[in-house]
Amino acid sequence: MATILSLETTTTNCSVALGINGEIVAIKEDKKGGYSHAEKLHVFINEVLTEAKLALKDLDAVSVSKGPGSYTGLRIGVSAAKGLCYNLDIPLLAISTLEALAHQVQAKAEEVIVPMLDARRMEVYMAVYSSEKQLISPVEAKVLEENSFESYFSNFYPVYFIGNGVEKFKEICSVKNAFFIDTLPSAKEMVKLAEHKYKISDTEDVAYFEPYYLKDFVVNRK
């Protein structure tokens, strides 16, 4: 039985969950819209541990949402996770942000899930998953067009688009079997994924692990 702390900071949702044996025992989130990670992440960590009547020393591992997503958000989450793992001498587990997001959808056989996170202009970070959460199309930065997912619509089964990037595609998509869920990644879905990784010892090198930015950080001049 493993006690794992999960951190999700890739979007404006600062989310921390504590799982024991793959079940959530405490969760704290802030979805209000601003980036509150620097101020609230460690507060939330203390709060979930207090709620579960546990201490940092009771943790068996820390999982972190590895991206893609906000450059600053990723840095804060990964830095916190690595610091905890190093000081406590416990494993670091990296969870795909898009895979965890896909787990928010309960799809039926033949249905497809497309998690997408907002990037610049008409671009999103996305991937395509089956109803069993198997990766169909790999993670990529995609510029959205009206016919971007034409091949997935052709069998007339529902295609679920989920994430804070769906509004961009919703504006240009008129296909009837497209369903849009505007939401954010959460540490809630990371708990079972982290437990599985822990059981099979799918861990990261704490010293060298870096977030999956997908694209280089760009500074725009005003």
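Observations, loosely collected:
- Candidates in the range 124-140 are the residues that are in contact with a helix residue (DSSP H, G or I) (Cβ under 8 Å, 6 or more places away or on another chain) and without any contact (Cβ under 8 Å) to a residue 60 or more places away in the chain; of these, the one that is farthest from E150 (Cα to Cα) is K133.
- The residues on offer are I27, I45, I20, and the sole one that is touching a residue at least 40 places away in the same chain (Cβ under 8 Å), of a type in the set (V, I, T) and within 15 Å of K192 (Cβ to Cβ) is I27.
- The range 90-138, subset assigned to a loop (DSSP other than H, G, I, E, B) and of a type in the set (S, T, Y), residue nearest to Y212 (Cα to Cα): S96
- Each residue in the range 47-89 was checked for being surrounded by 19 or more Cβ atoms within 10 Å (Cβ to Cβ), in a helix (DSSP H, G or I) and either in contact with a Lys or Arg (Cβ under 6 Å, 6 or more places away or on another chain) or among the polar types (S, T, N, Q) (or both), and 1 of them qualify.
- In the range 96-136, the residue that is nearest to N177 (Cα to Cα) out of those that are surrounded by fewer than 16 Cβ atoms within 10 Å (Cβ to Cβ) and among the hydrophobic types (A, V, I, L, M, F, W, C) is A109.
- Residue within the range 58-72 that is at pLDDT 95 or above, closer than 29 Å to E123 by Cα and touching a Gly at 6+ places or on another chain (Cβ under 7 Å) present: yes
- Only residues that are among the β-branched types (V, I, T) and over 26 Å from Y71 (Cβ atoms) were counted in the range 1-56, giving 5.
- Residues that are within 13 Å of M116 (Cα to Cα) and not aliphatic (A, V, I, L, M) within the range 149-161 comprise F149, Y160, F161, listed in sequence order.
- Selection status of F180, of a type outside the set (D, E, K, R), touching a residue at least 12 places away in the same chain (Cβ under 8 Å), surrounded by fewer than 21 Cβ atoms within 10 Å (Cβ to Cβ) and closer than 17 Å to L101 by Cβ: yes
- Considered as a group, the residues in the range 139-172 that are charged (D, E, K, R) and assigned to a helix (DSSP H, G or I) include one that is surrounded by the fewest Cβ atoms within 10 Å (Cβ to Cβ), and that residue is E150.
- Residue count, the range 12-46 (criterion: crowded, with 19+ Cβ neighbours inside 10 Å and not in a loop (DSSP other than H, G, I, E, B)): 14
The values are calculated or read from the model by the stated rules, or taken from the named source; none is laboratory data. Worth saying up front: this structure is predicted, and the values here are computed from it rather than measured. Cβ coordinates were reconstructed from backbone atoms using ideal geometry, including for glycine residues, and neighbour counts include every protein chain displayed.
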